[in-house]
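Below you'll find the structure, written out as structure tokens, and then a few comments.
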Amino acid sequence: MSETEPVLPRLAVALATEEPGARPPEHVAIIMDGNGRWAGQRRLPRVAGHRAGAQAVRRCIKAAIEHRVRWLTLYAFSSENWRRPPDEVTDLTALLRHYLRSEIAELHREGVRVRVIGEHSRFGPEIRAELEAAERLTVGNSRLTLVIALSYGARAEILNAARQIAAAVQAGRLTPDSLDEAGFARFLSTDGIPDPDLVIRTSGECRLSNFLLWQSAYAELVFLDVLWPDFDGAHFADALSLFHRRERRFGARPG
Ligand code: FPP
């Protein structure tokens with residue numbers, strides 16, 4: 001039996017997601033996986049999978065807005081992705097630049113705020129300028145915040161927070177005993193972003209791959225058996241439907 005969730009019959013999905021009072025998750029985070037396999041199945045170069053993946057990003061943002069999700073984080077490039085062949089890294093960065101250039105006006109019109117997390121200083125100056133311009137232009141929007149995780153790795157993020165905290169203690173600005181979880185989280189790149197309620201991974205792989213490890217402590221995890229380039233609004237609704245059927249206890253006993 002597959003460990004991942006089968007795609008639900010559409011009628012059941014419609015009923016479940018339209019349930020009155022079913023509040024959407026505030027923050028959905030997605031590991032967009034399967035671009036390479038999608039391309040391979042069609043005997044296409046990997047870049048064709050990434051291009052089709054960018055189309056799926058458009059559908060996903062539209063679905064998030066329709067479902068009144070306030071925060072959407074997309075894992076676009078992990079710190080481990082730098083180990084891919086240079087050609088693929090170049091293709092991915094070119095695609096991201098193209099995406100930002102062609103989509104930013106529309107995102108802005110739709111009331112989407114763009115925020116970037118991760119060590120994006122590792123990218124070239126052109127893409128950094130594009131990212132900063134997107135963040136600046138959309139800073140006043142609040143319908144949906146699109147968080148793009150770029151050159152992001154959770155362990156590096158947590159290590160960086162620990163280093164900053166150690167330096168603050170050394171400088172006498174912080175005492176170890178005064179630090180609590182909320183205080184620690186302020187040193188993470190997601191400062192000000194609510195923890196994800198739902199983490200979705202596509203392509204049938206069931207792992208977090210160094211994505212939002214601190215922040216996902218109580219997230220519901222949904223693994224879908226669809227390759228990212230095929231992801232659409234119905235898959236988004238499937239994931240939300242599965243989320244609504246889970247009982248979130250945050251470590252407490254059922255009431
Ligand atoms: C994983 O598929 C996907 C990526 C490494 C990149 C994700 C990028 C996009 C969806 C395109 C652009 C993004 C934005 C935000 C516009 P994989 O290549 O690891 O697939 P595989 O596991 O099948 O090889």
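Under 10 Å, Cα contacts only: if you run a Gaussian network model on the chain, which one of Thr93, Thr73, Thr175 comes out with the highest mean-square fluctuation?
In this elastic network of the chain, the residue with the biggest mean-square fluctuation among Thr93, Thr73, Thr175 is Thr175.
Kindly report the accessible area of the chain per residue (heavy atoms of protein chains, probe 1.4 Å, no ligands, DNA or RNA), in Å².
Accessible area per residue: 53 Å².
Which order do the peptides 179-187, 196-204, 61-69 take when ranked by the mean count of other beta-carbon atoms within 10 Å per residue, highest first?
By packing density, highest mean first, the sequence is 196-204, 61-69, 179-187.
Determine the equivalent ellipsoid of the chain by diagonalising the alpha-carbon gyration tensor, then write out the semi-axes as square roots of 5 times the eigenvalues, largest first, rounded to whole Å. It would help to have the intermediate numbers written out before the result.
On the way: eigenvalues 158, 127, 68 Å².
Over the Cα atoms of the chain, the ellipsoid semi-axes are 28, 25, 18 Å.
As an exercise, use a Förster radius of 22 Å and the Cβ-Cβ distance of Leu159 and Ala182 to find the FRET efficiency, rounded to the nearest 0.05.
With a Förster radius of 22 Å, E is 0.70.
Mind giving me the nanometre distance, one decimal, between the label points for Arg143 and Gln170, set 7 Å out from Cα along Cα→Cβ?
4.7
How charged is the neighbourhood of Thr145? Take every other residue with its Cβ under 9 Å from the Cβ of Thr145, and add Lys/Arg as +1 and Asp/Glu as -1. It would help to have the intermediate numbers written out before the result.
Working: positive: Arg70, Arg113, Arg115, Arg143; negative: none.
Here the count lands on +4.
Rounded to the nearest 0.05, what FRET efficiency do Arg136 and Arg253 give with R0 = 41 Å and r taken as the Cβ-Cβ distance? Could you check? Can you show the working numbers first?
Values: r = 47 Å, r/R0 = 1.14.
With a Förster radius of 41 Å, E is 0.30.
With N set to the residue count of the stretch 125-232, report its C-alpha Rg divided by 2.2 N^0.38 Å to two decimal places. Each step should come with its number before you reach the end.
Details: Rg = 16.9 Å, N = 108, 2.2 N^0.38 = 13.0 Å.
Compared with the compact-globule rule of thumb, the stretch 125-232 sits at 1.30.
Ignoring everything except DSSP H segments at least 4 long, calculate the 222 nm mean residue ellipticity for the chain; use -39,500 (n - 2.57) per segment, divide by total residues, nearest 500.
-13500 deg cm²/dmol
Given a 1.4 angstrom probe, I'd like the percentage of the accessible area of the chain that is carbon and sulfur, rounded to a whole number.
About 51 percent, which is the carbon plus sulfur part of the accessible surface.
Can you give the FRET efficiency for His98 and Glu66, using 1/(1 + (r/R0)^6), R0 = 30 Å, r = Cβ-Cβ distance, to the nearest 0.05?
About 0.75, to the nearest 0.05.
The values are calculated or read from the model by the stated rules, or taken from the named source; none is laboratory data. Just so we're clear, the structure is a prediction, and the values are computed from it rather than from any experiment. As a convention, Cβ positions derive from the backbone with ideal geometry for all residues, glycine included, and neighbour counts pool all protein chains shown. For the accessible areas, the whole protein counts, side chains as well, though only heavy atoms, and no ligand, DNA or RNA atoms are used. Shrake-Rupley method; radii C 1.70, N 1.55, O 1.52, S 1.80 Å.
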